[in-house]
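Read-outs throughout are calculated quantities, based only on the coordinates presented, and are distinct from any laboratory measurement. Just so it is clear, the model here is predicted, and its values are computed rather than measured. Backbone-built Cβ (ideal geometry, glycine too); neighbour counts: all protein chains shown.
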Amino acid sequence: MAKPLGTTGEFFRRRDEWRKHPMLSNQMRHALPGLGIGVGAFCVYLVGEQIYTKLMAPSQSSHHKQPAPSSH
């Protein structure tokens with residue numbers, strides 16, 4: 001069996017009860033419920049956009065075309 005707390009242990013237990021109040025624990029999760037999913041989706045979007053721009057970028061040879069010489 002557990003040892004009785006005594007007056008000092010009981011005093012500190014009552015003093016620390018406020019720390020376990022539901023309003024004070026895990027507030028950020030309840031305040032911003034979709035933040036984790038939103039950040040994850042945004043990261044997937046950024047990676048997808050980088051892959052798309054690398055695949056669809058014009059090649060360097062077609063980017064620096066020389067004008068055709070005139071026949072004058």
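Key figures for this structure:
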{"quantity": "Segment A41-E10, extension gain: residue separation times 0.36 nm, minus the distance between their alpha carbons", "calculated": "6.3 nm"}
{"quantity": "Cα-projected label distance for M56 with L32, points at 7 Å along beta-carbon direction, nm", "calculated": "3.1 nm"}
